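**Q** Okay, handing you the structure first.
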Amino acid sequence: RENKMNRSSSFEDSVRVTENFLRPPKSDCDAEDAVVALDEIDAFLTEYVRLFDQGLLEKKNESESLIDGEEFVSGTYFWPKKTKTKEEDEEDNKEEESKKETMGMMGTIIEKYCEQLAEYVAEEQKLLTWESFAGCEWWVQDVAHDEPPKAYHTDCVLEEDKDKRKKKYYPLLSTVYYGKTERGGATVAFDEEEYDAMRKCVLVKPRANRLFTFRGDMWHGVCREENSERKEGEEDAYQRVTLLVNFWKERPSCARDFPRELFSDDSSSFSRSSGFSGRRGDDDDEKVPEREVISLKTADDDERVFKLKSDERKAHFAAWEAQNPSAFLEPSTSSSSVVLIEYTS
């Protein structure tokens, strides 16, 4: 395990935004493979929140502790990366098919998502290597419009070393997937944990089918929503629901096995017809937008990114402490869904 922050890469290299992340299957044949559509994940998140609100999912392990305001990752589940031989994989696939028939599809959607995400960040984006991680820790964050936003923190676990001393360990990579969420405050990631040392940060606003990835040791949180006018037909009450996935070198002891039995077709409101409404048929000619990666390294030439250079870092401390950067951001930034702030002094 590594218990020291890896700051070898630049801030711009360490964060990335992907638009239109989930691709709808082109056919029912594709849909049976490890291809997850937006509507499927949305159905899963809806059911997860329902079960959580009913108290059927454990909210917190009381034995876990906090250290100096750090957020100890809890109430999470683990997807182990496949490391078996081809023959063992084929045997597992047969077992998976049997589970689908008896338990329904809900339990496998999140597992397919984790596998799809792992392939994307490791093989396509090269954000880490396939050999470097044991699997994914995942959880769902559900915040109502009238609840305070998630406080700044670093994701970490506290575990004892061979000398029985508590040590802090960080994930290799953190990801936020917004599903169909387009309301609520932006996610913010900082280059440092102290305001006095901070030089750069990025604000990423919720957008449907958007994926935000950043280095796993980064200080981050959620800002208060901008005081924007409500769109016509939009309700005042809303839920900011996000799917969070962290990649770890070794499995955190706090991450539990996924309770598949709670997500069977018989025990939930999920149905194949509603859950898979996002699949495209042969007669569907609607153009599906391609994936687009927003890189901060090319922010100067990307109109989707608003880049702000400022020498008012100390003057902004109060706004950052209140998780309200809109207090100093110009209205012109409201049209940009990604804002990169660089302090020059």
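**Q** Say R0 is 35 Å: what FRET efficiency, to the nearest 0.05, do residue 300 and residue 208 get from their beta-carbon distance?
**A** So the FRET efficiency works out to roughly 0.85.
**Q** Any idea which of 170, 138, 156 is furthest toward the positive side of the dipole for the stretch 131-223, if Lys and Arg beta-carbons carry +1 and Asp and Glu beta-carbons -1?
**A** 138
**Q** ³J(HN,Hα) across the stretch 171-179 via Karplus (A = 6.51, B = -1.76, C = 1.60, θ = phi - 60°), whole Hz, x for Gly/Pro?
**A** Ordered by residue, 3J(HN,Hα) equals x, 6, 8, 10, 9, 10, 10, 8, x Hz.
**Q** Subtracting the Cα-Cα distance from 0.36 nm times the residue separation, let me have the gained length for residue 257 to residue 53 in nm, one decimal.
**A** My answer for the length gained is 71.5 nm.
**Q** How high is the FRET efficiency from residue 334 to residue 180, r the C-beta distance, R0 25 Å, rounded to 0.05?
**A** Between residue 334 and residue 180 the formula returns 0.75.
Computed from the coordinates by the stated procedures, all read-outs in this text should not be read as laboratory data. Since the model is a prediction, treat every value here as computed from it, not as a measurement. Reconstructed Cβ throughout: ideal geometry from the backbone, glycine too, with neighbour counts over all protein chains shown.
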